[in-house]
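*Asks:* Can you read through this structure? Questions will come right after.
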Number of protein chains: 2
Amino acid sequence: MRKTNEYAHRMASKTIKLVDASGNPVAGKEVALKQTNHKFLFGCGIFDAVEVANENVPAERLAFQKEKLDKFLDVFNSATLPFYWGRFEPEKGKPQTKELKTAAQWLKDRNVTVKGHPLCWHTVTAPWLLDMSNEEILKAQFARIEREVSDFKGLIDMWDVINEVVIMPIFDKYDNGITRISKELGRVGIIKEMFAKTREFNPGATLLLNDFNTSINYEILIDGCLNAGVPIDAIGIQSHQHQGYWGREKLEEVLERFSHFGLPLHFTENTLISGHLMPAQIEDLNDYQIPEWPSTPEFEERQAKEIEEMYSILFKHPQVEAITAWSFSDDGAWLGAPAGFIRTDNSPKPSYEVVKKLIKDDWNTSVTCQTDDNGKVTFEGYLGDYDLVCGDKKVSFKLNKHSDTVQMVI
Amino acid sequence: MRKTNEYAHRMASKTIKLVDASGNPVAGKEVALKQTNHKFLFGCGIFDAVEVANENVPAERLAFQKEKLDKFLDVFNSATLPFYWGRFEPEKGKPQTKELKTAAQWLKDRNVTVKGHPLCWHTVTAPWLLDMSNEEILKAQFARIEREVSDFKGLIDMWDVINEVVIMPIFDKYDNGITRISKELGRVGIIKEMFAKTREFNPGATLLLNDFNTSINYEILIDGCLNAGVPIDAIGIQSHQHQGYWGREKLEEVLERFSHFGLPLHFTENTLISGHLMPAQIEDLNDYQIPEWPSTPEFEERQAKEIEEMYSILFKHPQVEAITAWSFSDDGAWLGAPAGFIRTDNSPKPSYEVVKKLIKDDWNTSVTCQTDDNGKVTFEGYLGDYDLVCGDKKVSFKLNKHSDTVQMVI
């Protein structure tokens with residue numbers, strides 16, 4: 001009896017017929033088939049790409065950042081770039097479009113899929129919205145979407161359109177323009193407007209709703225949005241686990257509840273730390289501010305095990321299409337947490353080796369076969385981009401689900 | 001300075017011109033204007049009307065029930081009748097249409113507005129649904145809506161269309177047909193279907209969504225429904241307070257959160273008890289079963305005070321259009337709680353006197369005035385039905401908001 005392949009949904013088989021320039025089958029030749037990229041998105045929040053691409057930091061820092069990015073590029077194929085309005089356009093009319101474009105292009109050149117985060121959020125939003133009427137705020141928010149989505153089209157075709165809407169209208173830590181308009185439009189109303197505007201300026205983009213709330217609230221919100229015709233392409237689920245790994249049970253329960261909608265699931269902001277856990281009684285993670293949060297050998301082992309289990313569970317689930325670790329490195333990590341795959345000195349933690357092994361080895365296809373008398377080879381592999389090498393010739397192709405036999409000329 | 005009238009939104013002023021049969025003004029005559037009914041719905045769950053109207057219980061019980069109903073009719077102008085599917089049609093194809101029609105007609109004849117509760121609910125639903133496929137259950141549910149809504153049109157033009165949807169798909173106390181289809185359709189999906197079907201067979205009816213959940217879950221659910229075009233006429237809010245009166249603060253907070261939608265609010269199932277409180281740790285009220293739950297003088301005073309405060313807060317709020325006490329009497333009250341305005345022996349509690357005073361006296365208009373030289377009188381009163389009496393003549397009319405001057409012939 002053949003063992004069931006729990007990753008079968010991530011794979012496909014393909015038959016390739018090799019012919020020479022005259023159309024004759026290339027028979028009995030050895031061909032190497034090597035996966036060069038994944039269809040699945042393995043990503044990180046990698047805001048450091050802005051410094052590296054723009055080279056706008058001192059030489060020493062730049063060298064350190066380049067080393068960091070090299071380690072990132074060795075493993076990952078997707079990146080989240082920051083579009084927090086308050087930082088992207090701290091002064092009205094002076095957006096950091098150029099810097100972000102340079103970063104997005106730099107990543108694209110290295111075969112990394114870029115997502116912009118977020119187009120609309122109440123936190124770190126533009127402070128100058130506070131001087132406006134609600135009507136003006138909404139107009140400014142629309143204009144910002146039009147500008148960013150148009151400016152980055154082709155570089156960024158995936159957006160966290162709107163972030164944390166469950167809490168948005170009742171967010172009361174401080175007054176802000178986005179909470180104001182969300183109160184007026186309602187949750188589904190503001191989502192509808194923001195998705196419509198984003199879609200208008202990039203019809204082909206992948207648009208996400210994103211939230212840290214994984215309760216029934218978020219389920220009902222998504223249900224309402226879908227029934228209201230909001231064109232959500234993927235459900236974004238944050239999973240900042242500073243207070244401890246969810247564990248298999250909760251993770252599978254969340255997957256079950258959110259897979260009901262039949263939409264792709266993206267784990268957009270994942271955190272598993274290699275230090276002591278944040279106390280459970282902290283409600284808003286932002287309230288936990290400590291001077292040092294060290295990464296320790298013991299906790300690095302725990303982090304590596306948790307990463308391995310969590311990534312395996314997510315990769316097994318047929319609707320999950322992306323996992324983004326929120327911090328690639330401890331250097332600059334949110335809340336100063338030891339949340340990265342690498343330490344503050346760029347040295348890799350065990351979790352880096354674990355995730356690299358999964359992505360580049362266990363879930364990666366590299367096979368050698370011989371063409372038959374008709375010049376055909378059939379192979380099975382993980383979905384993604386491939387190189388076929390035969391002698392000194394190389395052809396690149398994509399392995400998709402349900403591929404027909406293709407003829408390649410070498 | 002004139003005192004602001006906190007009930008101004010419940011009132012209107014009207015000018016009536018009285019003329020005789022020849023069209024001459026009836027000048028300088030005394031006229032009495034007496035309110036005979038409220039526009040606002042003051043109701044109770046009064047399932048006893050089924051026994052009284054059908055006279056299908058032993059004589060002693062019938063006399064007791066009639067006495068109960070007389071006390072109800074002395075104060076209230078609206079009634080909720082039970083349409084729990086499992087009781088209404090315990091055997092498939094044998095619905096209790098006749099009994100309920102008789103009850104609804106009996107109430108209508110006494111000027112009581114009747115609401116049917118509920119058309120779709122996972123609790124007390126028909127057990128024989130369990131033998132069906134989901135497709136068949138949905139078909140049966142549609143057929144039941146078509147049957148009841150058509151059969152009762154004109155007698156019952158107000159329905160709790162669907163009940164407690166927040167919990168519906170995750171209700172796990174026992175398997176039931178409605179939870180099954182709600183899992184498949186989703187929350188907004190099942191609401192949409194049930195409202196559409198109800199509307200189809202009584203386009204002019206007042207249709208409610210009803211829930212005991214007053215959390216953000218219900219807010220998001222309503223938001224989703226409205227954005228999905230579900231024609232909700234009024235938001236139903238249950239307020240079973242067996243574990244203690246919400247108090248002004250929570251009540252006003254709930255009113256604020258649910259009035260955002262701009263829809264009428266109905267307090268559909270209100271309970272304030274005149275006995276000891278149910279322990280706070282009980283999560284599902286149904287789990288508290290005790291042999292006796294006495295009404296005591298001390299707690300009857302508390303109940304009366306709470307009723308007075310709560311009804312006053314609700315009557316003051318411009319969007320509240322109905323308050324239904326879930327149990328008119330302790331006799332037969334849900335969970336055996338001393339939840340009624342009258343005791344098990346039909347004797348009135350202080351709360352009965354309080355609610356009667358509010359409805360029939362404080363918020364009721366009865367004035368006497370004199371027509372001027374043109375036969376005109378102008379008066380201000382609470383919205384509802386009125387009798388105008390002049391000498392031995394009587395004319396009935398309605399006092400609505402923004403009434404023009406009307407001419408009445410006496």
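The values are calculated or read from the model by the stated rules, or taken from the named source; none is laboratory data. Treat the numbers as computed from the prediction; the structure is a model and nothing was measured. Virtual Cβ from ideal backbone geometry, glycine too; neighbours counted across all protein chains shown. Surface accessibility is based on the protein's heavy atoms, side chains included, excluding ligands, DNA and RNA. Shrake-Rupley method; radii C 1.70, N 1.55, O 1.52, S 1.80 Å.
*Asks:* When you look at A:R187, is it open to solvent by 10 Å² or more (accessible area, probe 1.4 Å), in contact with a Pro (Cβ under 7 Å, 6 or more places away or on another chain) and within 12 Å of another protein chain (Cβ to nearest Cβ), yes or no?
*Replies:* On the way: open to solvent by 10 Å² or more (accessible area, probe 1.4 Å): yes; in contact with a Pro (Cβ under 7 Å, 6 or more places away or on another chain): yes; within 12 Å of another protein chain (Cβ to nearest Cβ): yes.
Yes; evaluated as a whole, the condition is true for this residue.
*Asks:* Among the residues of segment A:291-313, is there at least one that is within 14 Å of another protein chain (Cβ to nearest Cβ), in contact (Cβ under 8 Å) with a residue 12 or more places away in the chain, open to solvent by less than 50 Å² (accessible area, probe 1.4 Å) and within 20 Å of the chain's Cα centre (by Cα)? Walk me through how you get there before you give the answer.
*Replies:* Of segment A:291-313, the ones within 14 Å of another protein chain (Cβ to nearest Cβ) are none.
Checked against the condition, which is being within 14 Å of another protein chain (Cβ to nearest Cβ), in contact (Cβ under 8 Å) with a residue 12 or more places away in the chain, open to solvent by less than 50 Å² (accessible area, probe 1.4 Å) and within 20 Å of the chain's Cα centre (by Cα), segment A:291-313 yields no hits at all.
*Asks:* So in segment A:239-290, with the set limited to residues that are small (G, A, S) and open to solvent by less than 50 Å² (accessible area, probe 1.4 Å), which one is farthest from A:D157 (Cα to Cα)?
*Replies:* Restricting attention to segment A:239-290, the residues satisfying the condition of being small (G, A, S) are A:239, A:244, A:247, A:259, A:262, A:274-275, A:280.
With the extra rule that they be open to solvent by less than 50 Å² (accessible area, probe 1.4 Å), the set shrinks to A:239, A:244, A:247, A:259, A:274-275.
Working: A:S239: 23, A:G244: 33, A:G247: 32, A:S259: 23, A:S274: 33, A:G275: 35 Å.
The extreme case among them is A:G275.
*Asks:* Additional query: Looking at segment A:191-209, I want the residues that are under 16 Å from A:R147 (Cβ atoms) and have a partner that is of a type in the set (S, T, N, Q) with Cβ atoms under 8 Å, at least 6 apart or on another chain. Which pairs are those?
*Replies:* A:M194/A:Q141; A:F201/A:S150; A:N202/A:S150; A:A205/A:T198
*Asks:* Please go through segment B:267-290 and pick out each residue that is without any contact (Cβ under 8 Å) to a residue 40 or more places away in the chain and of a type in the set (S, T, N, Q).
*Replies:* Result: B:Q281, single match.
*Asks:* Of the conditions (1) within 14 Å of another protein chain (Cβ to nearest Cβ); (2) assigned to a loop (DSSP other than H, G, I, E, B); (3) not hydroxyl-bearing (S, T, Y), A:I273 fails just one. Which one is it?
*Replies:* (1)
*Asks:* Taking segment A:21-44, which residues are part of a loop (DSSP other than H, G, I, E, B) and farther than 30 Å from A:P318 by Cβ? Write out each step before concluding.
*Replies:* Residues of segment A:21-44 that are part of a loop (DSSP other than H, G, I, E, B), as a first pass: A:21-24, A:26-29, A:39-40.
Scanning segment A:21-44 gives A:A21, A:S22, A:G23, A:N24, A:V26, A:A27, A:G28, A:K29.
*Asks:* Condition check: charged (D, E, K, R), open to solvent by less than 60 Å² (accessible area, probe 1.4 Å) and touching a residue at least 40 places away in the same chain (Cβ under 8 Å). Does B:D74 satisfy that? Explain how you work it out, then say what you get.
*Replies:* Details: charged (D, E, K, R): yes; open to solvent by less than 60 Å² (accessible area, probe 1.4 Å): no; touching a residue at least 40 places away in the same chain (Cβ under 8 Å): yes.
When the stated conditions are applied, B:D74 does not pass them.
*Asks:* Still on this model: Here is a list: B:N134, B:N163. Which entry is out of contact with any Asp or Glu (no Cβ under 7 Å at 6 or more places or on another chain) and either at pLDDT below 95 or not small (G, A, S) (or both)? Talk me through it step by step, then tell me what you get.
*Replies:* Details: B:N134 fails: out of contact with any Asp or Glu (no Cβ under 7 Å at 6 or more places or on another chain).
So the residue among B:N134, B:N163 that is out of contact with any Asp or Glu (no Cβ under 7 Å at 6 or more places or on another chain) and either at pLDDT below 95 or not small (G, A, S) (or both) is B:N163.
*Asks:* Can you find a residue in segment B:22-30 that is among the basic types (K, R) and open to solvent by less than 30 Å² (accessible area, probe 1.4 Å)?
*Replies:* No, because not a single residue in segment B:22-30 is among the basic types (K, R) and open to solvent by less than 30 Å² (accessible area, probe 1.4 Å).
*Asks:* Restricting attention to segment A:45-70, and to residues there that are within 25 Å of A:T268 (Cβ to Cβ) and out of contact with any helix residue (DSSP H, G or I) (no Cβ under 6 Å at 6 or more places or on another chain), which single residue is surrounded by the most Cβ atoms within 10 Å (Cβ to Cβ)?
*Replies:* Per the stated criteria, the residue is A:G45.
*Asks:* Sort out which residues of segment A:163-178 are within 14 Å of chain B (Cβ to nearest Cβ) and out of contact with any Gly (no Cβ under 9 Å at 6 or more places or on another chain), and write them in order of number. Quick ask: steps written out before the conclusion?
*Replies:* Let us first name the residues in segment A:163-178 that are within 14 Å of chain B (Cβ to nearest Cβ), namely A:164-172.
Matches in segment A:163-178: A:E164, A:V165, A:V166, A:I167, A:M168, A:I170, A:F171, A:D172.
*Asks:* Does segment B:345-359 contain any residue that is of a type in the set (V, I, T), over 27 Å from B:G236 (Cβ atoms), crowded, with 18+ Cβ neighbours inside 10 Å and touching a residue at least 24 places away in the same chain (Cβ under 8 Å)?
*Replies:* The initial filter retains those residues of segment B:345-359 that are of a type in the set (V, I, T), namely B:354-355, B:359.
Among the residues that remain, those that are also over 27 Å from B:G236 (Cβ atoms) are: none.
Checked against the condition, which is being of a type in the set (V, I, T), over 27 Å from B:G236 (Cβ atoms), crowded, with 18+ Cβ neighbours inside 10 Å and touching a residue at least 24 places away in the same chain (Cβ under 8 Å), segment B:345-359 yields no hits at all.
*Asks:* Further, regarding this structure: How many residues, within segment A:190-223, are open to solvent by less than 10 Å² (accessible area, probe 1.4 Å) and within 14 Å of chain B (Cβ to nearest Cβ)? Before you say what the answer is, go through the steps one by one.
*Replies:* Quick first cut of segment A:190-223, residues open to solvent by less than 10 Å² (accessible area, probe 1.4 Å) only: A:190-191, A:194-195, A:198, A:202, A:205, A:207-211, A:218, A:220-222.
Okay, now just the ones that are also within 14 Å of chain B (Cβ to nearest Cβ), so A:190-191, A:194-195, A:209, A:211, A:218, A:220-222.
Of the residues in segment A:190-223, 10 are open to solvent by less than 10 Å² (accessible area, probe 1.4 Å) and within 14 Å of chain B (Cβ to nearest Cβ).
*Asks:* How many residues does segment A:136-184 contain that are surrounded by 21 or more Cβ atoms within 10 Å (Cβ to Cβ), under 22 Å from the mean Cα position of the chain (by Cα) and among the small types (G, A, S)?
*Replies:* So the count comes out to 0.
*Asks:* Select from segment A:48-78 the residues that are touching a Lys or Arg at 6+ places or on another chain (Cβ under 7 Å) and of a type in the set (A, V, I, L, M, F, W, C) and list them in ascending order.
*Replies:* A:V52, A:L73, A:V75
*Asks:* Another one. Can you name the residue in segment B:362-405 that is of a type in the set (K, R) and closer than 23 Å to B:F40 by Cβ and is also surrounded by the most Cβ atoms within 10 Å (Cβ to Cβ) among such residues? Can you show your working first?
*Replies:* Of segment B:362-405, the ones of a type in the set (K, R) are B:376, B:393-394, B:398, B:401.
Now narrow it down to the ones that are closer than 23 Å to B:F40 by Cβ: B:398, B:401.
Details: B:K398: 12, B:K401: 10.
The extreme case among them is B:K398.
*Asks:* Checking A:G236 against (1) away from every other protein chain (no Cβ under 13 Å); (2) touching an Asp or Glu at 6+ places or on another chain (Cβ under 9 Å); (3) open to solvent by 10 Å² or more (accessible area, probe 1.4 Å), which test does it fail?
*Replies:* Here A:G236 clears every test but (3).
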